[in-house]
Amino acid sequence: MSIPEIDLPNLKRAIVMRLDREAKEHSKGHQKSYANRYSMRSSDGALVELIFEKGDKSPANLWVKEDFVRDLLDGSIPFTISPASQLYQTVGKTGEKQYGRHSALEDMMQLGKADLVCFALRNMADLDRVLAALAQVTRPIRA
């Protein structure tokens, strides 16, 4: 069974609509044009932060914590790993080190300094798989 293709602007609209239903706007808020920040709870009650790039010039990128989606890193959904060790490695025009990721991520508690995965979603089935993995995240055990 093949998954029907949808043009990128309509795919992004559909993803935002789904995320608006399944998650809530993060306390840091959405960016007007470039990205929506979300938080949600897994079925175990664990906090899960995510960012979706909605801008016109980007793919349908969904950023999540790498630890939460290891089972999806088999290549069935295109992705890029963004390790925390690569942050602040480039110098900007002012001479200051730059963050090196999407600016919406930097000040988020869970995502800002963590190892991340950026999924390039191609369709709603890709989103469904990521959301299903995030729903299985467990809360850390406190000693």
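The values are calculated or read from the model by the stated rules, or taken from the named source; none is laboratory data. Just so it is clear, the model here is predicted, and its values are computed rather than measured. Ideal geometry is used to build each Cβ from the backbone, glycine not excepted, and the neighbour counts take in all protein chains shown. What goes into the accessible areas is simple: the full protein's heavy atoms, side chains included, and nothing from ligands, DNA or RNA. Shrake-Rupley method; radii C 1.70, N 1.55, O 1.52, S 1.80 Å.
When you restrict to C-alpha pairs under 8 Å that are six or more residues apart and normalise by the size of region 1-114, the relative contact order lands at 17 percent. Placing +1 on each Lys and Arg Cβ and -1 on each Asp and Glu Cβ, with no other charges, gives the chain a dipole about its Cα centre of roughly 380 debye.
Fully extending the segment from T90 to A46 would add 12.5 nm, taking 0.36 nm per residue of separation and subtracting the current Cα-Cα distance. Label zone of S33 (point 7 Å out along Cα→Cβ, amide N under 18 Å): in region 79-116 this covers 102-105.
Solvent-accessible surface of region 8-135, taken per residue with a 1.4 Å probe and all protein chains present: 52 Å².
Here M17 and A120 are evaluated by their C-beta separation; at R0 = 22 Å the FRET efficiency comes out at 0.70.
Pop out the carbon and sulfur fraction of the accessible area of the chain as a percent, whole number, probe 1.4 Å.
51 percent
The sum of -39500 (n - 2.57) across all DSSP H runs of n ≥ 4, divided by the residue count of the chain, sets its helix-only mean residue ellipticity at 222 nm to -6000 deg cm²/dmol. Hey, with R₀ at 30 Å, roughly what FRET efficiency would S76 and D107 work out to, going by the Cβ-Cβ distance, to 0.05? Here the calculated transfer efficiency is 0.45. Selection among F79, V137, M124 by position relative to the dipole of the chain gives V137 as farthest towards the positive end (Cβ unit charges, Cα centre).
How many lysine pairs does region 8-135 hold where the Cα atoms are under 12 Å apart and the two sit 8 or more places apart or on different chains?
So the count works out to 4.
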